[in-house]
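Please read the structure below before turning to the comments.
All of the numbers you see were taken from the coordinates with simple rules; none came from a lab. Everything quoted here is computed from the prediction, not taken from an experiment. Cβ placement follows ideal geometry from the backbone for every residue including glycine, while neighbour counts extend to all protein chains displayed.
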Amino acid sequence: MPYVELHCHSAFSFLDGASHPTELAAAAAEQGHSALALTDHDGLHGAMELAQATKPLGVRTIVGAELTLDDGHHLTLLCENENGYRNLCRLLTLAYTGTRPSPAREPLPPSTPLEALERHADGLVCLSGCAREGALAARVERGEHSAAAALGRRLREAFGPDNLRVELQRPFARRDRRRNRLLAELAEQLGVPGVATGNVHSHDPARAALQDAFVAVRHRASLDESEPLRRGNRSHVLAPPERMAERFADHPEAVHESGRLAERLRFDLTEDLGYRYPGADDETADRRLAELCRARLEEHYAGRSSREDAVTRLERELRVIRHLNLSGFFLLHRDMLELAREVACEVRGPDSARALLPPGRGRGSSVSSIVCYLTGLSHIDPVECDLFLGRFLNEEISALPDIDLDFPRDIREVLIPRVHERYGHDRSALVAAFATYRGRSAVRDLGKALGLPPVEVERLARAIDPWSGEGIERDIAACVGERRAATPRWRALARLIHDAQGLPRHMGQHSGGMVISTESLAELCPIQPAAMEGRQMVQWDKESCADAGFLKLDLLGLGMLSAVERCVEEIARVRDERIDLSRIALDDSEVYRQIQAAETTGVFQIESRAQMQMLKRTLPESLDDLTVQVALVRPGPILGGAVHPYIERRKALRADPDYQVPYEHPSLEP
């Protein structure tokens, strides 16, 4: 059987792996691999990304992880089936339990007790770990042969002889052959096969230097100081199957075993994981949503000329929602808003001037939905404003619609723990976000690892584009001079910055995304504590959650809402007047004068430098103009070349009200 790589780390083994899953996928396909296992340290953070990247390339992803035991040694676990995947998720969740004893301190490293492995071994294949820190290899290396044999027997008892393999690796270090010979003998004593693995940490030999630098960054040391901890060669680079067969010429059966074992590991992460959000399978949801909306419609539109249009629009939306089986989706969001209303009453107090205000507000394309308006998820009447529904909801959408709910920060801080209480700590979690290397962060981390002067590293970090590494060679020369920029360490810094761009550095939490499930999330994706007390996160970001079919609820904290609510309180305190924001004038000339002058610092949506520059040219005079203004400074119109034609035509209309706007196609005409 051809060799299959069963031990591979991506950059989601933070500050250890030096390649993105998409790079590993492309390299595996190019080299002729039929499958590739991703075994990042104590997590599945990059598993979905690799699974999605390999599928169209004809390479099968094997899901796994390298777990750190509570004694510091490593074991590699691979999923054979769905039970194995669920057990791996449980084990990883358990590994992070108690790693955040205090929000004020650094998290403790995750660890898994051997007893937990014994309880959750079903459906998992256990490899004995890497050459340096593997549970068996490290003991053999230290001459603790009895302890290695005893642990091997315990693992065989837990996983069974069919699901335990003794891992052989060849990092071309001292005593490699001796260690592999002893491990092969141990495997024979245990009655289990040995299997060859590569302990891959990058997809290309050119990334070996970056992997070394990451080791130094992780240990907060320089490359010189971290020399004993680094790999020292390029044996950890993904290699073609035939090259790996040559590397393990002394153990040909271990090579064949990697292919035989890979054939058994058929769990597919891209298939349905069984996730359901609360209400997804509620057979009464269609009726309850329709009854709620029709009742509210009679209240909102009674005696208004737009009532018939509202009825027609509501029935059309309800048909689309029924067709997409999304009634439970809208009811869940409404339940979330009602929970926020309870929280708002507690936070504001019954006598506060803020009590008149809604607990939160919908934002984005969801305001075009009359169902969102009638259920309280939006305060914008889409019938009166003649808003187009299709961007938010249509019969051809393949993903769940996106509803952004904004809350004042003090309400959101209480709301998120309350969601955990309402739906269960095991069934709700925040979505992860991964801090990735950009220009400034890469300069600081990698400059320190190279031992460059701290003052010059900081000067360079402040001088470059904080987000991009483009033109870094020019920036280095400008900061330290052409002569020094040509020295080996400064040139190495430029190369490392290019290589590190976009790779994840560490895990954080999404600004407001939450996942809620009808069953334990810890069986669908590992969960770990967030930095803030009382919060927890799944190990996937919003893209991986979407690929898994998870519903992401966006509960966003908006500083401007907090500022507005403080203004309402101050007006009540100073003028003894309670303000109803739903009744303020939207045509105040003084407000538009300040907007046209770009006096908008701190004003949500129109405070960026690009928006301020545009405001002076477009001179908005109405809410519709502001809507266009916000939509204009976006990647689509900018890349599509729509910005300047729009500005010039507005200018022509101001000069001549009879000006006829030219349209590229009749379908674009109003």
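Tabulated data for the structure shown
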item	result
For the stretch 252-262, Karplus couplings with θ = phi - 60° (6.51, -1.76, 1.60), whole Hz, Gly/Pro x	x, 5, 5, 5, 4, 5, 4, x, 5, 5, 4
Order of Phe14, Phe434, Phe172 - criterion: other Cβ atoms within 10 Å of each residue's Cβ, fewest first	Phe172, Phe434, Phe14
Gyration tensor (Cα) of the chain, equivalent ellipsoid semi-axes in angstrom	52, 32, 24
Estimated [θ] at 222 nm from DSSP helical runs (n ≥ 4, -39500 (n - 2.57)) normalised by residues in the chain, nearest 500	-13500 deg cm²/dmol
In Hz, Karplus ³J(HN,Hα) per residue of the stretch 278-287 (6.51, -1.76, 1.60; θ = phi - 60°; x = Gly, Pro)	x, x, 4, 10, 6, 6, 8, 4, 4, 5
Farthest positive-ward along the chain dipole, Cα basis, beta-carbon charges - from Gln536, Val200, Val367	Val200
Compactness of the stretch 585-668, expressed as Rg and Dmax over alpha-carbon positions, Å	13.4, 40
Separation between Cα centres of the stretch 13-56 and the stretch 488-515, rounded to whole Å	17 Å
Phi to ³J(HN,Hα) by Karplus 6.51 cos²θ - 1.76 cosθ + 1.60 over the stretch 478-483, Hz, x for Gly, Pro	5, 8, 10, x, 4, 5
Set of lysines near Lys616 by C-alpha distance (under 30 Å), chain-local residues within fewer than 8 positions excluded	Lys651
Mean Cβ count within 10 Å, highest first, over the residues of peptides 104-111, 376-383	376-383, 104-111
Unit charges at the beta carbon, dipole of the stretch 173-289: most positive-side option, Val215, Ala239, Gly259	Val215
The stretch 559-630-the stretch 426-450 distance, computed between alpha-carbon centres (Å)	34 Å
Cα-based convex hull, the stretch 40-119, per residue volume (Å³, whole number)	103 Å³
Other-chain or far-sequence residues with amide H under 5 Å of Gly513's (modelled H)	Val431, Leu555
Candidate lysines - alpha carbon under 24 Å from Lys542, same-chain residues fewer than 8 apart omitted	Lys55, Lys552
Acute angle (nearest 10 degrees) that the helix 643-655 long axis makes with the longest principal axis of the chain, alpha-carbon atoms	10 degrees
Globularity index of the stretch 371-454, i.e. its alpha-carbon radius of gyration over 2.2 N^0.38 Å	1.81
